[in-house]
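Some notes on the structure that comes next.
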Amino acid sequence: MHIKTIGVEDWLNVWEKSATYDIAQSTISSMTMDEILALDGEEGATFYERLGREKMNYGWIEGSPDFKAEVAKLYRNVDPDNILQTNGATGANLLALMALVEPGDHVIAEYPTYQPLYEIPRTLGAEVEYWRIREENGWNPDIEDLKKLVRPDTKLICINNASNPLGTVLPAETLEQIAEIAASVGAYVLSDEVYLPLQDTESFVSMADLYDKAVVSNSLSKTYSVPGVRIGWTVSNKEVADRFRVYRDYTMICDGVFNDALAVHVLRNRDKVLDRNRKIVFSNLAIAQEWVDSEPRVSWVPPKAVSTSYIKLDIPIDDEEFCKRLLAEQGVLLVPGSRFELPCGARLGYCAPEATLREGLKRLSAALRRFD
């Protein structure tokens with residue numbers, strides 16, 4: 001099987017360790033282990049108490065009952081038995097697509113966005129059509145375009161809500177329309193929801209709560225600031241979950257006892273994590289907006305309080321060449337927009353630690369002044 005390189009991952013694999021000022025990532029400033037343990041107010045005593053009772057065997061293959069119960073609380077009406085633990089959202093998406101897509105299937109994918117959502121179905125032999133997002137619509141897709149794309153044999157619709165790297169969030173009304181369109185032809189909807197908007201969070205609606213044939217992927221990597229735990233999950237109906245169980249045995253077996261325990265610890269203290277991260281997001285978003293307003297060669301559609309964003313660059317050279325020069329001369333890391341098939345721009349990880357963000361933006365401006 002031949003599959004294309006994931007552009008953003010290939011870029012980060014090569015360059016991220018060379019950066020002094022990393023403002024490319026899409027995680028809200030990762031927590032240290034000390035920060036994670038301190039969430040319980042007892043310096044991790046509750047975590048170590050749980051971990052100390054565990055044998056280092058395979059553990060709960062699908063995720064522990066405690067893990068499933070905590071994840072279920074993130075949704076309105078989800079059966080914990082239909083939640084399956086995965087190796088991050090990357091593993092969740094791979095599991096879902098391998099289980100649902102067959103050669104010759106018709107798949108509609110939001111585009112451009114996180115590359116595996118359209119590249120994996122194509123590699124599996126599907127006919128993939130793009131549901132394009134447009135800048136003139138605030139980087140949102142047009143529901144009328146989806147109506148034109150859907151066919152009686154459409155198998156799957158893939159969306160990324162919120163969008164990586166654009167940071168846009170689909171409103172509940174749009175999600176309800178997607179569900180209605182999918183239901184009209186019996187299609188599944190895969191919704192990658194790894195980025196939770198931290199503004200008006202209570203109004204965010206998961207596709208899992210709107211549509212029986214939805215599959216939702218998520219993880220602790222972005223909104224919860226613990227990518228190192230490598231824990232994600234799928235949410236689906238029972239029929240789909242049972243299908244996933246077969247494929248899951250081929251790809252991963254389990255996520256490990258330690259990781260499961262740490263995930264439960266984070267999720268049980270998620271209110272504290274989200275309070276921490278709201279402060280980071282809102283403060284850094286204000287810093288980034290002030291910088292964009294003062295920088296004549298940069299524009300953006302502000303992200304909806306999620307941890308990833310995209311800036312357009314008014315520069316006379318290729319964005320990838322610019323980002324390489326920026327790293328070599330200023331020590332600043334961005335991801336070229338072309339790695340998301342969005343040329344002439346870059347992914348800005350504005351949720352880096354504040355000092356890193358400020359110095360990174362200062363140095364980015366210095367690099368842009370060369371073109372004045």
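The values are calculated or read from the model by the stated rules, or taken from the named source; none is laboratory data. Quick caveat: nothing in here was measured; it's all calculated off a predicted structure. Here Cβ is always computed from backbone atoms with ideal geometry, including for glycine, and neighbour counts include all displayed protein chains. To get the accessible areas, we keep the full protein, side chains included, count just its heavy atoms, and leave off ligands, DNA and RNA. Shrake-Rupley method; radii C 1.70, N 1.55, O 1.52, S 1.80 Å.
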For this session: Please work out if SER221 is surrounded by fewer than 23 Cβ atoms within 10 Å (Cβ to Cβ), of a type outside the set (D, E, K, R) and outside any strand (DSSP E or B).
Result: no
For this session: Those residues that are closer than 20 Å to ASN277 by Cβ and buried (at least 17 other Cβ atoms within 10 Å of the Cβ), I need them from region 228-260; list them, please.
Result: VAL229, ARG230, ILE231, GLY232, TRP233
Problem set entry | Of residues in region 15-64 being modelled with pLDDT under 95 and within 30 Å of GLY167 (Cβ to Cβ), the one farthest from the chain's Cα centre (by Cα) | SER18
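For region 177-193, which positions are in a loop (DSSP other than H, G, I, E, B) and either in the same structural domain as THR27 (by the TED database) or open to solvent by 10 Å² or more (accessible area, probe 1.4 Å) (or both)? Quick ask: steps written out before the conclusion?
Step one: filter region 177-193 for residues in a loop (DSSP other than H, G, I, E, B), giving 186-187, 193.
Scanning region 177-193 gives a single hit, GLY186.
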Problem set entry | region 332-348, residues that are free of Cβ contacts under 8 Å to residues at least 60 places away in the same chain and either open to solvent by 10 Å² or more (accessible area, probe 1.4 Å) or outside the structural domain of SER309 (by the TED database) (or both) | PRO343, CYS344
For this session: Spot the failing condition for MET31; the list is (1) free of Cβ contacts under 8 Å to residues at least 60 places away in the same chain; (2) among the aliphatic types (A, V, I, L, M); (3) under 16 Å from SER221 (Cβ atoms), and only one is missed.
Result: (1)
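If you scan region 230-252, which residues turn out to be in contact with a Phe, Trp or Tyr (Cβ under 9 Å, 6 or more places away or on another chain) and of a type in the set (A, V, I, L, M, F, W, C)?
Once the filter is applied, which keeps residues that are in contact with a Phe, Trp or Tyr (Cβ under 9 Å, 6 or more places away or on another chain) and of a type in the set (A, V, I, L, M, F, W, C), region 230-252 yields ILE231, TRP233, VAL235, VAL240.
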For this session: Could you tell me whether any residue of region 197-208 is assigned to a helix (DSSP H, G or I), surrounded by fewer than 24 Cβ atoms within 10 Å (Cβ to Cβ) and modelled with pLDDT of 95 or more?
Result: no
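Mind checking whether some residue in region 99-106 is closer than 24 Å to PHE204 by Cα and either in contact with a helix residue (DSSP H, G or I) (Cβ under 6 Å, 6 or more places away or on another chain) or open to solvent by 20 Å² or more (accessible area, probe 1.4 Å) (or both)?
Residues of region 99-106 closer than 24 Å to PHE204 by Cα: none.
The answer is no; no qualifying residue exists.
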Exercise. Could you say which residue among THR123, THR154, THR174 is closer than 21 Å to SER236 by Cα, touching a residue at least 12 places away in the same chain (Cβ under 8 Å) and open to solvent by 20 Å² or more (accessible area, probe 1.4 Å)?
Worked result: THR174
For this session: Could you tell me whether SER307 is on the phi > 0 side of the Ramachandran plot and buried (at least 20 other Cβ atoms within 10 Å of the Cβ)?
Result: no
Exercise. Among the residues of region 230-237, is any under 16 Å from LEU267 (Cα atoms), in contact (Cβ under 8 Å) with a residue 40 or more places away in the chain and assigned to a loop (DSSP other than H, G, I, E, B)?
Worked result: yes
Exercise. Give me the pairs: first residue in region 1-25 and under 24 Å from LYS362 (Cα atoms), second residue of a type in the set (Val, Ile, Thr), beta-carbon distance under 6 Å, and six or more apart or on different chains, which are they?
Worked result: VAL8/VAL335; TRP11/VAL335; TYR21/VAL332; TYR21/THR356; ALA24/VAL335
Seminar exercise, completed: Being touching a residue at least 40 places away in the same chain (Cβ under 8 Å), over 30 Å from TYR118 (Cβ atoms) and out of contact with any helix residue (DSSP H, G or I) (no Cβ under 8 Å at 6 or more places or on another chain) narrows GLU359, GLU354, GLU290 down to just GLU359
Exercise. Within region 356-367, which residues are surrounded by fewer than 18 Cβ atoms within 10 Å (Cβ to Cβ) and among the aliphatic types (A, V, I, L, M)?
Worked result: ALA366
